[in-house]
Amino acid sequence: MRGPLGAVIGRYTSSDGSEKDGIIKHNRKCRDITFLIIFIAFWVSMIVNSSFGFNQGNPLRLTYGLDYEGNVCGSKHRHRDLTKLELRYWLNPNQVYESGLKDGEHKLANARTICLLDCPAPSDDTLNWVCDYPDGEIRLKMSDWVDRNYDYFEFLTPEMRNSSLQLQGPCYPIIFPSVNVYWSCQYIARASNSSLRHWQQMGGVSIEEDMIIDKSIRRSLNSRASVLKRYVADIGKSWPVLIVCGGLAPLFLSIVWLLLIRHFVAAMPWITVVLFNMLLVSVTIFYYLKAGWIGNDAVTPIIGEHDPYFHVYGRELTHVRGVAILMTFISVVAILTSIAIIRRILMATSVLKVAAKVIGEVQALIIFPAIPYAMLAIFYMFWLSAALHLFSSGQVVQNNCNNTNCCAYDLVLKKVNCDRCCGYSIRYTPHITIAIFFHLFGCYWATQFFVASSATVIAGSVASYYWAQGEEAASPEIPFLPVFASMKRLARYNLGSVALGSLVVSFVESVRFILEAIRRRTK
């Protein structure tokens with residue numbers, strides 16, 4: 001195989017009907033150039049699309065909430081350093097209660113929130129306070145404010161104290177215990193009798209103790225948008241596990257599997273089937289553990305140590321139990337299928353014998369998978385980072401609300417301020433949604449492209465051996481390095497065809513996924 005000519009090695013029939021040996025040579029050229037150009041343009045678009053996410057996004061928004069100034073908890077801002085203050089806390093319990101009423105005008109997104117280091121707890125013998133960020137006449141550093149457990153009530157003027165007793169700040173009483181649920185302090189509707197008695201003795205306004213105060217925050221944390229953001233954020237946080245368990249370990253095991261084929265051909269089909277079924281059963285048991293059906297290690301939305309009597313519902317637990325049921329079904333089907341195809345497994349042994357012979361002669365096939373694997377790993381790292389930024393690239397904007405329900409004492413203005421006191425939310429424009437779907441489709445197309453390229457290279461390498469005359473060692477027409485020769489042919493002639501095929505597969509699968517989602521929704 002020299003020059004620009006392609007070749008098929010083996011015995012073939014000539015035009016006069018006689019058989020001849022050697023190489024069939026014919027002129028070859030690059031096919032489907034148009035789709036190769038489209039694929040290159042697609043990559044340029046992916047880079048532009050990702051640059052928008054890197055410029056506008058902040059992955060911390062997927063995990064942590066916003067305070068009443070629109071700052072993301074757990075990050076550093078121009079006026080406040082909230083790096084270690086990761087927990088969002090609702091200061092005014094009455095605002096939380098009003099947001100849970102069916103006919104209430106106040107929304108939880110407009111309730112006053114600040115970022116704390118940990119969730120405050122009520123005292124057994126006195127009344128604890130959580131005060132607003134120190135500003136104005138309250139000359140405390142943020143670190144001192146944290147060390148004082150966010151309490152500077154003793155420094156307040158009479159006017160500030162009277163405002164605090166009206167639940168307008170700058171200090172707010174800690175009446176309800178709270179726990180860290182997905183980096184937000186969720187109230188437990190179990191008021192401290194001692195704290196409530198002290199509050200009433202000081203002349204504080206009435207505080208609602210209904211279960212609504214618990215359900216309001218829970219409903220917000222378990223919304224579909226919040227759950228989706230947490231799943232995306234968890235993928236970003238689990239990158240060490242993904243690299244080891246989803247990258248290095250499978251690569252190592254695949255190379256070991258190829259090496260074992262050469263020495264244990266007859267046993268490898270059985271070993272593979274048994275190990276596959278054992279893996280499915282192990283994963284199923286793992287989900288049973290996390291679902292709480294076996295042992296006491298169920299998934300819980302509460303982060304960190306907490307009172308064992310506090311139980312908080314999380315939608316993720318329902319999802320885990322659903323996956324556990326699905327894995328049970330898959331494991332049963334896999335085991336029954338393995339029993340039913342025993343004869344097919346015996347047939348696979350003869351096929352593996354040929355594969356073992358090919359691997360023994362074309363030993364570069366053992367190393368070759370590492371090349372597309374490394375390329376896919378680099379692509380996935382770039383894609384995942386861009387995806388995290390795209391999912392968090394919404395704009396932080398102030399909500400429109402009834403200002404009379406969010407009045408709070410302004411330490412800078414030295415008065416109760418009802419102007420622009422609404423909370424902040426992250427809003428996604430339609431073009432961000434389009435950018436996210438384009439990014440998801442791009443991942444699938446690129447993956448199919450790399451997989452198809454690998455299959456083409458392997459097919460070309462095996463063909464050089466398979467169609468050789470006689471013994472492979474006696475055939476001088478097999479390339480010295482058939483894998484690299486096949487890679488050269490792929491780059492020279494077939495990239496456009498691979499781009500076209502991977503595009504068709506990606507498009508069909510995407511349409512199938514959308515139609516399936518529509519079918520489930522309409523059902």
Could you tell me whether the stretch 242-255 includes any residue that is of a type outside the set (S, T, Y) and over 30 Å from L388 (Cα atoms)? yes
Residues in the stretch 35-57: is at least one part of a loop (DSSP other than H, G, I, E, B) and at pLDDT below 90? yes
Every residue from the stretch 501-523 that is more than 25 Å from I458 (Cα to Cα), open to solvent by 100 Å² or more (accessible area, probe 1.4 Å) and modelled with pLDDT of 80 or more: R512, F513, L515, R519, T522
If you go through S220, S206, S216, S195, the only one that is small (G, A, S), at pLDDT below 90 and closer than 17 Å to D67 by Cα is S220
Specify the residue that is surrounded by the fewest Cβ atoms within 10 Å (Cβ to Cβ); the eligible residues are those in the stretch 112-143 that are within 29 Å of the chain's Cα centre (by Cα) and either hydrophobic (A, V, I, L, M, F, W, C) or assigned to a loop (DSSP other than H, G, I, E, B) (or both). L117
Considering the stretch 74-87 alone, what residues qualify as being under 13 Å from S184 (Cβ atoms) and open to solvent by 20 Å² or more (accessible area, probe 1.4 Å)? E86
Hey, could you check the stretch 414-448 for residues that are closer than 22 Å to C115 by Cβ and without any contact (Cβ under 8 Å) to a residue 24 or more places away in the chain and say which is farthest from the chain's Cα centre (by Cα)? N417
List the pairs whose first member sits in the stretch 355-366 and is under 11 Å from S461 (Cβ atoms), whose second member is surrounded by 15 or more Cβ atoms within 10 Å (Cβ to Cβ) and of a type in the set (F, W, Y), and whose Cβ atoms are under 6 Å apart, counting only residues at least 6 apart or on separate chains? V358/Y465; E361/Y465; V362/Y465
Matching helices (runs of 4 or more DSSP H) fully within the stretch 300-405 where at least 1 residues are farther than 27 Å from P250 by Cα and at pLDDT 85 or above: 315-340, 370-391
Can you tell me which condition E98 does not meet? The list is (1) within 19 Å of L221 (Cα to Cα); (2) open to solvent by 70 Å² or more (accessible area, probe 1.4 Å); (3) assigned to a loop (DSSP other than H, G, I, E, B), and all the others hold. (3)
Taking the stretch 263-296 and keeping only residues that are in a helix (DSSP H, G or I), under 21 Å from I366 (Cα atoms), of a type in the set (A, V, I, L, M, F, W, C) and open to solvent by less than 40 Å² (accessible area, probe 1.4 Å), one is left with M268
For the stretch 144-176 the number of residues that are more than 37 Å from the chain's Cα centre (by Cα), open to solvent by less than 60 Å² (accessible area, probe 1.4 Å) and of a type in the set (F, W, Y) is 2
Checked I478, I458 against criteria (over 28 Å from the mean Cα position of the chain (by Cα), at pLDDT 80 or above and open to solvent by 30 Å² or more (accessible area, probe 1.4 Å)); the one match is I458
Determine if the stretch 369-377 includes at least one residue that is under 17 Å from the mean Cα position of the chain (by Cα), open to solvent by 20 Å² or more (accessible area, probe 1.4 Å) and touching a residue at least 24 places away in the same chain (Cβ under 8 Å). yes
Is it the case that V416 is in contact with a strand residue (DSSP E or B) (Cβ under 9 Å, 6 or more places away or on another chain), over 23 Å from L36 (Cβ atoms) and either open to solvent by 70 Å² or more (accessible area, probe 1.4 Å) or of a type in the set (V, I, T) (or both)? yes
Is it fair to say Q395 is among the polar types (S, T, N, Q), open to solvent by 50 Å² or more (accessible area, probe 1.4 Å) and either in contact with a Pro (Cβ under 8 Å, 6 or more places away or on another chain) or within 30 Å of F52 (Cβ to Cβ) (or both)? yes
N71 open to solvent by less than 70 Å² (accessible area, probe 1.4 Å) and within 18 Å of K215 (Cβ to Cβ): no
Mind telling me which of the residues T349, T318, T328 ends up being open to solvent by less than 90 Å² (accessible area, probe 1.4 Å), over 26 Å from the mean Cα position of the chain (by Cα) and not basic (K, R)? T349
Looking at this structure, is L411 surrounded by 15 or more Cβ atoms within 10 Å (Cβ to Cβ), over 29 Å from G246 (Cβ atoms) and modelled with pLDDT of 80 or more? yes
Let me confirm something: among V483, V498, which residue is modelled with pLDDT of 85 or more, β-branched (V, I, T) and either out of contact with any strand residue (DSSP E or B) (no Cβ under 8 Å at 6 or more places or on another chain) or within 30 Å of S464 (Cα to Cα) (or both)? V498
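The values are calculated or read from the model by the stated rules, or taken from the named source; none is laboratory data. All figures in this text were calculated on a predicted structure; none of them were measured in a lab. Virtual Cβ from ideal backbone geometry, glycine too; neighbours counted across all protein chains shown. With ligands, DNA and RNA removed, areas are computed over all heavy atoms of the protein, side chains included. Shrake-Rupley method; radii C 1.70, N 1.55, O 1.52, S 1.80 Å.
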